[in-house]
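This report concerns only the one structure given below.
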Amino acid sequence: MELTTSRLTLRPVDMTYLHSTHEYASDLENTRFMMFLPYESLEETARIIQEAQDEWQKSEPAIYEFVILLDGVHIGGITLYMQEDRSVAELAWLLNKNYWRKGYISEAARAIVEFGWNTLGLRQIFAACDSENIASRRAIEKLGMQFVDEGTRKNRSMGDEIRRELVYELLRPQA
């Protein structure tokens, strides 16, 4: 499976991308606002990629994890986490900081949303971010997502600090 946009190619993650994933997923600045990052070792990154790769082998994956490629260079990842009834999914992403502020996440996210609507038959996609993650909030809002809730979270890189989490949703357009 491969999704393409005007500048990007999205394809299922596999071990080919171990070192490039670890480069950005273990970087503290890059993962500051992420709940389960940074990865602490190459072995942890390999385990997570193997789990995602195994999901792709299932007839109905619970996780659709793609790498984001720009001219063949791996610059980030974007994922849909299916909810139990498979009509709702959470959208999440991480982009290598060397590629921030160029619209790549918005472009990749639009492709993933279309994949969710057209291929997976989703009726709702939601995204959550740390309240201080302004760049993610902008990308979420560019997708047309609407703010629906606020909660709390802990980000791995910030220890036990309780953080504000903002939740947004996008409903499938009516045909």
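Data overview
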quantity: Of the criteria (1) crowded, with 20+ Cβ neighbours inside 10 Å; (2) within 15 Å of the chain's Cα centre (by Cα), which one Ala62 fails; calculated: (1)
quantity: Meets criteria (open to solvent by less than 40 Å² (accessible area, probe 1.4 Å), in contact with a Leu (Cβ under 6 Å, 6 or more places away or on another chain) and modelled with pLDDT of 90 or more) for Met145; calculated: yes
quantity: Pairs, first within 14 Å of Ser6 (Cα to Cα) and open to solvent by less than 40 Å² (accessible area, probe 1.4 Å) in the range 106-124, second in a helix (DSSP H, G or I) and basic (Lys, Arg), C-beta under 7 Å, six or more apart; calculated: Ser106/Lys142
quantity: Flag if Gly151 is touching a strand residue (DSSP E or B) at 6+ places or on another chain (Cβ under 9 Å), in contact (Cβ under 8 Å) with a residue 12 or more places away in the chain, surrounded by 14 or more Cβ atoms within 10 Å (Cβ to Cβ) and not in a loop (DSSP other than H, G, I, E, B); calculated: no
quantity: Matching residues, the range 72-100, being farther than 23 Å from His22 by Cβ and either without any contact (Cβ under 8 Å) to a residue 12 or more places away in the chain or part of a loop (DSSP other than H, G, I, E, B) (or both); calculated: Gln83, Glu84, Asp85, Arg86, Ser87
quantity: Test: residue in the range 96-116 that is over 21 Å from Thr9 (Cα atoms) and modelled with pLDDT of 95 or more; calculated: no
quantity: Enumeration of residues in the range 54-71 that are more than 22 Å from Ser87 (Cα to Cα) and outside any loop (DSSP other than H, G, I, E, B); calculated: Val67, Ile68, Leu69, Leu70
quantity: Breaking point among (1) in a helix (DSSP H, G or I); (2) open to solvent by less than 30 Å² (accessible area, probe 1.4 Å); (3) out of contact with any helix residue (DSSP H, G or I) (no Cβ under 8 Å at 6 or more places or on another chain), for Thr45; calculated: (3)
quantity: Pair list, Cβ < 6 Å and 6+ apart or interchain, from the range 10-29 residues that are farther than 19 Å from Glu40 by Cβ and in contact (Cβ under 8 Å) with a residue 40 or more places away in the chain to residues that are aromatic (Phe, Trp, Tyr) and open to solvent by 40 Å² or more (accessible area, probe 1.4 Å); calculated: Pro12/Trp56
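The values are calculated or read from the model by the stated rules, or taken from the named source; none is laboratory data. No experiment lies behind these values; they were computed from the predicted model shown. Here the Cβ is made from the backbone with ideal geometry for all residues, glycine too, and neighbour counts use every protein chain on show. Ligands, DNA and RNA are excluded from the accessible area calculation, which covers all protein heavy atoms including side chains. Shrake-Rupley method; radii C 1.70, N 1.55, O 1.52, S 1.80 Å.
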